[in-house]
Amino acid sequence: MTLIQGAQGIFTGLLGEAMRTRGSIRIKEGRIAAIGALEREHGEEIIDASGCVIYPGLVSTHHHLFQCVLKGVRAGIDVPLLQWLRAVPYSYWHRIDQDALRIAARIGLVELLLSGTTLAADHHYLFAQSYRYDPADVIFEVAAELGIRLLFCRGGATKARVFDSPDLVPTPVESLDHMIKSVEACAQRYHDPSPDSMRRVAIAPTTAPWSLDESELKVVAQSARRLNVRIHGHLSETMANVDFCLAAYGKRPVQWMADHDYLGHDVWLAHLVHVNEDEIRILAETGTGMIAPAERLAMLGGTVSLAVDGAASNESADMISEMNSAWHTHRAMKGTASVSIEEVVRWGTANGARVLGFDEAGVLAPGKLADIAIFDLSHPRYFGLHDPLIGPVAGAGAAHLRHLIVGGRIVVENGAIPGLDLPKLRHDAARVVARLAA
């Protein structure tokens, strides 16, 4: 048993006044046993949280871990999405071998852990016949080594995008039957639907309007529900996606997806930047999880989550930066009352866990999983705070973790991951980048 004592406050992830509480947290057998004014029991280990605030472990619902060795590629740093795709992932994907993927996954998951993340979803969409390894094996292995919960979103496409240069190696495509059989095989190896699962699998064709034929959407949705796995992908990331659907199918993307049973409580979609009011309403009514436009969906009772996305377009991939960005962006664009830090924290914890189907994670309450982030407020950026609980989000910058706990097990202690050789990881990253750039 473990007792966390002395914190300045606790964000629980719950709604309303229950979001804030104080006291100690008792952990038994990987779960929270009690929260409140608790005395130490015989033999109980003590975690000192004095000078700290406590959040539920953060949840990132969308990443591309392979991109963690493609940060800051100069040809793609200041260009729109389609040019960036051409210059970065579609120019480099075939150079990502097993070693590069392992290093990239380790970089990305370490960055998430050190920002307080205990559960992450990785959207991996490159599965070439030339590979002599399975990307799922590599990424799950790294996640297990580090102790983070992982949902692997097995992506792919049955048709490829065409670019204007013959020197680009075409991205992999596969038959629909092969894609579904591969997802089923991956799920048989790794998908654990138990409440305290450390690993799960989802099916995630990259961007449905461009990655699948129209006749294939219902087949994918039916297969996912037969396998009892969730559905993920990109949608409406740019107006080009919207214009394509209008031209090809006469409907905007969300309505088109709805017509093919591709929305629901078991679906979450990344981006959704260009959606209108009717589409937001459909997303809310169907219970589909989404990332933006956050406050409009939240007002309609929809489920909003947060995510870091791929580091090749984001360059930093930690959840504290993401939460601060979400808070500031809404304040700047839609007014100071558009979203509170409490709501942003719920998006990045309880809602993220719900979107990914981890109903026992994302909140701090008796009986729930002991996935807990203890943020140290001893850095000058937090000095002078009247409300210490908002410090990690409002203060931004690198998180200062006293402890990060996953299922009752400490995975970060005093800002370091036990057993991780950080200088070696830096050296390995530089080695891979040099090879990719050569």
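The values are calculated or read from the model by the stated rules, or taken from the named source; none is laboratory data. Just so we're clear, the structure is a prediction, and the values are computed from it rather than from any experiment. In this analysis, Cβ positions are derived from the backbone assuming ideal geometry, glycine residues included, and neighbour counts consider all displayed protein chains. These area figures cover heavy atoms from the full protein model, side chains too; ligands, DNA and RNA do not enter into them. Shrake-Rupley method; radii C 1.70, N 1.55, O 1.52, S 1.80 Å.
Among the aliphatic types (A, V, I, L, M), in contact (Cβ under 8 Å) with a residue 24 or more places away in the chain and assigned to a loop (DSSP other than H, G, I, E, B): is that true of Leu126 in this structure? Give the steps one after another, and end with the answer.
Values: among the aliphatic types (A, V, I, L, M): yes; in contact (Cβ under 8 Å) with a residue 24 or more places away in the chain: yes; assigned to a loop (DSSP other than H, G, I, E, B): yes.
Yes; evaluated as a whole, the condition is true for this residue.
Scanning for something on the phi > 0 side of the Ramachandran plot, outside any helix (DSSP H, G or I) and open to solvent by 10 Å² or more (accessible area, probe 1.4 Å), does region 373-383 turn up at least one residue? Write out each step before concluding.
So in region 373-383, the residues on the phi > 0 side of the Ramachandran plot come out as none.
There is no residue in region 373-383 that is on the phi > 0 side of the Ramachandran plot, outside any helix (DSSP H, G or I) and open to solvent by 10 Å² or more (accessible area, probe 1.4 Å).
Among Arg346, Arg354, Arg402, which is the only one that is of a type in the set (D, E, K, R), assigned to a strand (DSSP E or B) and either open to solvent by less than 10 Å² (accessible area, probe 1.4 Å) or under 22 Å from Thr21 (Cβ atoms) (or both)? Explain how you work it out, then say what you get.
On the way: Arg346 fails: assigned to a strand (DSSP E or B); Arg354 fails: assigned to a strand (DSSP E or B).
After ruling out the rest, the residue left standing is Arg402.
Are any of the residues in region 298-315 within 25 Å of Lys71 (Cα to Cα), surrounded by fewer than 16 Cβ atoms within 10 Å (Cβ to Cβ) and not hydrophobic (A, V, I, L, M, F, W, C)?
yes
Any chance you could count how many residues in region 191-230 are touching a Gly at 6+ places or on another chain (Cβ under 8 Å) and assigned to a strand (DSSP E or B)?
Residues in region 191-230 being touching a Gly at 6+ places or on another chain (Cβ under 8 Å) and assigned to a strand (DSSP E or B): 5 in total.
What are the pairs with Cβ atoms under 9 angstrom where one residue, in region 165-176, is closer than 16 Å to Tyr125 by Cβ and free of Cβ contacts under 8 Å to residues at least 40 places away in the same chain and the other, located anywhere, is in a loop (DSSP other than H, G, I, E, B) and of a type in the set (Gly, Ala, Ser)? Sequence gap at least six, or different chains.
Matching pairs, first to second residue: Pro170/Ala160; Val173/Ala157; Val173/Ala160.
Kindly establish whether Ala143 is in contact (Cβ under 8 Å) with a residue 12 or more places away in the chain and either open to solvent by 40 Å² or more (accessible area, probe 1.4 Å) or under 19 Å from Ala307 (Cβ atoms) (or both). So that I can check it myself, show each step before the final result.
Numbers: in contact (Cβ under 8 Å) with a residue 12 or more places away in the chain: yes; either open to solvent by 40 Å² or more (accessible area, probe 1.4 Å) or under 19 Å from Ala307 (Cβ atoms) (or both): yes.
Spelling it out, Ala143 is indeed in contact (Cβ under 8 Å) with a residue 12 or more places away in the chain and either open to solvent by 40 Å² or more (accessible area, probe 1.4 Å) or under 19 Å from Ala307 (Cβ atoms) (or both).
Here are some residues: Gly391, Gly362, Gly367. Which one is in contact (Cβ under 8 Å) with a residue 60 or more places away in the chain, surrounded by 12 or more Cβ atoms within 10 Å (Cβ to Cβ) and part of a loop (DSSP other than H, G, I, E, B)?
On inspection, the qualifying residue turns out to be Gly362.
Of the numbered conditions (1) among the acidic types (Asp, Glu); (2) at negative phi; (3) at pLDDT 95 or above, Asp261 satisfies every one except a single condition; which is it?
(2)
If you go through region 421-431 one residue at a time, do you hit one that is touching a Ser or Thr at 6+ places or on another chain (Cβ under 8 Å) and among the small types (Gly, Ala, Ser)?
Narrowing region 421-431 to residues touching a Ser or Thr at 6+ places or on another chain (Cβ under 8 Å): none.
No: zero hits.
In this structure, does Ser182 turn out to be outside any strand (DSSP E or B), within 21 Å of Ala307 (Cα to Cα) and polar (S, T, N, Q)? Break it down into steps so the answer makes sense when it comes.
Details: outside any strand (DSSP E or B): yes; within 21 Å of Ala307 (Cα to Cα): no; polar (S, T, N, Q): yes.
Here the answer is no, as Ser182 does not meet what is asked.
Being at pLDDT 95 or above, open to solvent by less than 60 Å² (accessible area, probe 1.4 Å) and not in a strand (DSSP E or B) is true for just one of Ile54, Ile107, Ile4. Which residue is that?
Answer to the selection: Ile107.
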